[in-house]
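Notes to accompany the following structure.
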Protein chains: 2
Amino acid sequence: MSLSASLSGFPEWTPAQRIVEQQVLDRLRRTFELYGFSSLETRAVEPLDQLLRKGETSKEVYTLHRLQAAEGEEEASLGLHFDLTVPFARYVLENAGRLQFPFRRYQIQKVWRGEKPQEGRYREFLQADIDIVDRDTLPPHYEAEIPLVIGDALRSLPIPAVKIMVNNRKLCEGFYLGLGLAEPDEVLRTVDKLDKIGPDRVAEVLMNAGASDAQAKAVLALAEIRSSDASFEAAVRGLGVEHPLLDEGVAELAAVVETAREHAPGLVEATLKIARGLDYYTGTVYETELAGYERYGSICSGGRYDNLASAGKDVFPGVGISIGVSRLLGLLFAQNAISASRPVPTAVLVALWNEEERPVSNRVAAALRSRGIATEVAPVPAKLGKQIRYAERRGIPYVWFPANGDIPDQVKDIRSGEQVAADSAGWNPPAEDMAPTLQ
Amino acid sequence: MSLSASLSGFPEWTPAQRIVEQQVLDRLRRTFELYGFSSLETRAVEPLDQLLRKGETSKEVYTLHRLQAAEGEEEASLGLHFDLTVPFARYVLENAGRLQFPFRRYQIQKVWRGEKPQEGRYREFLQADIDIVDRDTLPPHYEAEIPLVIGDALRSLPIPAVKIMVNNRKLCEGFYLGLGLAEPDEVLRTVDKLDKIGPDRVAEVLMNAGASDAQAKAVLALAEIRSSDASFEAAVRGLGVEHPLLDEGVAELAAVVETAREHAPGLVEATLKIARGLDYYTGTVYETELAGYERYGSICSGGRYDNLASAGKDVFPGVGISIGVSRLLGLLFAQNAISASRPVPTAVLVALWNEEERPVSNRVAAALRSRGIATEVAPVPAKLGKQIRYAERRGIPYVWFPANGDIPDQVKDIRSGEQVAADSAGWNPPAEDMAPTLQ
């Protein structure tokens, strides 16, 4: 049984897949809270002008209309949020007087984009975001903290190894400026296409925009640098470019890489080709590769932004990252690479001798539930073989037979066939059978 | 700090309120799973024709449009779901071949209604539904099970006492037919207004529709019957009306009340005025009163439906109930009747001697987190008094001072002022301080 999408772009998991999703979310939440992030949910809708502030994304917005709005009725222009960053920025501005800064929040919600659906791209999908925002200034050490949180969160899941690739906008922009390129944003957007169009075409685009052959070569040489420690710095210096912004970016990136290396060797890599298309990033940027799924692109991305939330003289710089949960699960489900140990929460099915004795079976079920054992009672007093087959079909591992005449209560592990006398006030399944587990 | 709604009808909880909401949802989920219900999430959108099948609710639907839909582009007519029953019925029909029946599912999701917002009525709100559907026929014992689940779920919360009021459509319709009233649905809809318009007006409406004085009086007499055991049956019989459908309804209602009475005395009451306006119910119906909040109406309602999900000769009768989670929490928050023991997940703030020694503080934090203790590191190396006040303001109960020269690691309970030497590899806060708790 696999996922279905009777409406293109709107996937729905099966009950078994949903168990996986819930347990994944439980683990993400657990890690986020261990780092002191507060949970937040914002409404699904935002005023359209909020959503359209970043012109690039306007084409993806779903707008909302009341079907029965009265003739001539003034309606607020509302759209569904397409990410969790824009609503969060709005929430911070609205509630700034009531929040404690730096404010650490996580937010796990559906978002909607009216894009063309394709593999791993949905119109409705779940994101899990963490952000830290501060008032006026945000110390750069938070840029080093984000990969620790995400590393712990993703490594708590039974998924392939993840690598967080990190770069710094200041480093790139300083380098481009030091090289004498006057439009660093333009260069960055071109470098962002490197994996898609290749180095030759990138050089061509840069030179068409006025760069010299040497400048284009230097830009590509910078983009080739990768290291899992601070040694990227020597490689950058070797290119012989100087600029104060470059120095700042190098120092910040070194701090991110070194902090991560102490915490979790192999997790983070300075990867100087990472650009991130969205132009609101101003410092560290993150992308994440899943081993074996590299061709599907980043499953978790983000960065530092200084200008997303501001109102008059109040500014709230922040840093954040977003896990594409639906995207990640969709890829893994398609490869049968993640599953739950059973497809239902139920551990025990209590058999039923006859409909009149349902209260007897109900009492057994209540006793088991009172000790945390998920239990159902058989739907109908069918023949025992049929009741056992029902449990089998549902994926329930144990069938309980209430006392019958001289025969005391018994419980059967229907996988091994083992059947033992048991007391509903004391019997427990082995720990691994208490609840479905991720595997 | 209280909830905000900068957009009328779209409430957003504060981070502290969100902790309450999450823990409430955790407990509901726990109970639902103990009874073997599988979690399900359906997409937020449904084809408009699905949503409009029940004409009554059409005025509440939000429709969706892609802002940048191409000129002349054919677009599916989509709307946001206004409840979780219609999408669930659609899901069951679509996936019938892959589900095991009886299918027990719970579903906790936002729903949207374009209604006029008012106290306790939102345009976006969270519902928690459980339903059991079967193929072809659904045994009536499931109608008796639903109140047990909901009773356990609601009584796991620190909220005022709940009373589940139960009635049965067959009982009422049989009674009305036995009385000689030809339009039992019409009578039911009138009785549904009893609390709003009073008995005199109900009698008037009934008589205007052709009922005799005696018939109207009998209808009202039936609606007055309440009992927390099967004694309602004698009261019904005392009215001298006979009909086979009445007998069926009485027997089913007696089973519901008696099953609940054994499980949880005082939880369920046969309340024969309960009608439920929606006309798809065909058997047991439920409403729920919260002590002290009766005037706000039912916080949890549902019933049995035989005809909601059908396709050709396949029918899937079901029974379900829905907790209005946003509504319930909104009422309780407004009275400060529920809260969390602290407003953040964080148990410990690790102080910072100076920025260079951040790795020292990070190591303490990592050691505490590895044992499940939610920990943050101070944002900046301010004076210690200022770092402690930061923890105080955030509501973090403990501040950790990493070893400093000859002084070993120490931890301070900032509520009592007590400060003790501690080892980050072994120290634990008291169990009640590990995580915020509901109170």
If labels are modelled 7 Å from Cα along the Cβ direction, B:Ser227 lies from its partners in the other copies at nm distances, smallest first, of 8.5
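Hey, got the average number of other protein chain Cβ atoms within 10 angstrom for residues in B:10-16? Can you show the working numbers first?
Values: counts 6, 1, 8, 4, 5, 11, 1.
Per residue, the average neighbour count from other chains is 5.
Taking the number of other C-beta atoms within 10 Å as the exposure measure, put B:Val360, A:Val86 in order starting with the fewest.
Ascending Cβ contact count within 10 Å gives the list B:Val360, A:Val86.
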In which sequence would B:Phe32, A:Phe125 go, from the one with the fewest C-beta neighbours within 10 Å to the one with the most? A:Phe125, B:Phe32
Hey, with R₀ at 22 Å, roughly what FRET efficiency would A:Thr137 and B:Arg389 work out to, going by the Cβ-Cβ distance, to 0.05? 0.70
To the nearest 20 Debye, how big is the dipole of chain A about its Cα centre, given +1 on the beta carbon of each Lys and Arg and -1 on that of each Asp and Glu? 1260 debye
Rounded to the nearest 10 degrees, the helix A:384-394 long axis (Cα) sits at an angle to the longest Cα principal axis of chain A of 0 degrees
Taking Cα atoms of chain A, Rg/Rh with Kirkwood Rh, to two decimals? 1.09
In the stretch B:153-188, the trypsin sites (Lys or Arg not before Pro) that fall in loop regions by DSSP, at most 10 other Cβ within 10 Å: none
Residue among A:Pro265, A:Pro381, A:Pro158 with the largest mean-square fluctuation in a Gaussian network model of chain A, springs linking Cα atoms under 10 Å: A:Pro381
Scoring only Lys, Arg, Asp and Glu (+1, +1, -1, -1) among other residues with Cβ under 10 Å from the Cβ of B:Asp136 yields 0
Distances from A:Asn354 to the same residue in each other copy, label points 7 Å out along Cα→Cβ, in nm, shortest first? 8.6
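If you scale each eigenvalue of the Cα gyration tensor by 5 and take the root, what three semi-axes come out for the stretch B:348-434, rounded to whole angstrom and sorted largest first?
Working from the Cα gyration tensor, I get semi-axes of 17, 15, 13 Å.
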Going through the cross-link list A:Lys170/A:Lys196; A:Lys163/A:Lys193; A:Lys170/B:Lys386; B:Lys110/B:Lys313; A:Lys313/B:Lys110, which pairs have a Cα-Cα distance over 25 Å in this structure? A:Lys170/B:Lys386; B:Lys110/B:Lys313; A:Lys313/B:Lys110
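Averaged over its residues, how many other protein chain Cβ atoms are within 10 Å of peptide B:22-35's Cβ atoms?
Numbers: counts 4, 0, 0, 0, 1, 0, 0, 2, 3, 1, 2, 10, 14, 8.
Mean inter-chain Cβ contacts per residue within 10 Å come to 3.
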For the protein assembly as shown, what is the Kirkwood hydrodynamic radius in Å, using each pair of distinct C-alpha atoms? 30.1 Å
Taking springs between alpha-carbon atoms closer than 10 angstrom, which of B:Ile225, B:Ile150, B:Ile108 fluctuates most in the Gaussian network model of chain B? B:Ile225
Could you state the angle between the C-alpha long axis of helix B:358-370 and the longest principal axis of the C-alpha atoms of chain B, as a value from 0 to 90 degrees rounded to the nearest 10? 40 degrees
Multiply the residue gap between B:Asn354 and B:Glu248 by 0.36 nm, knock off their C-alpha separation, and tell me the result in nm, one decimal place. 30.4 nm
Would you list A:Val268, A:Val205, B:Val111, A:Val380 from fewest to most Cβ contacts within 10 Å? A:Val380, A:Val205, B:Val111, A:Val268
Ordered shortest first, which distances in nm separate the 7 Å Cα→C-beta label point of B:Gln100 from those of the other copies? 4.7
Using a Gaussian network for chain A with springs between C-alpha atoms less than 10 Å apart, which of these wobbles most: A:Leu99, A:Leu40, A:Leu222? A:Leu99
Mind checking B:108-114 for the average number of partner chain beta-carbons within 10 Å of each residue's beta-carbon? 3
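The numbers here are math on the coordinates, done by the rules we state, and not lab data. Fair warning: this is a prediction, and the values are worked out from it, not measured in the lab. Heads up, the Cβs are rebuilt from the backbone with ideal geometry, glycines too, and the neighbour counts pull from every protein chain shown.
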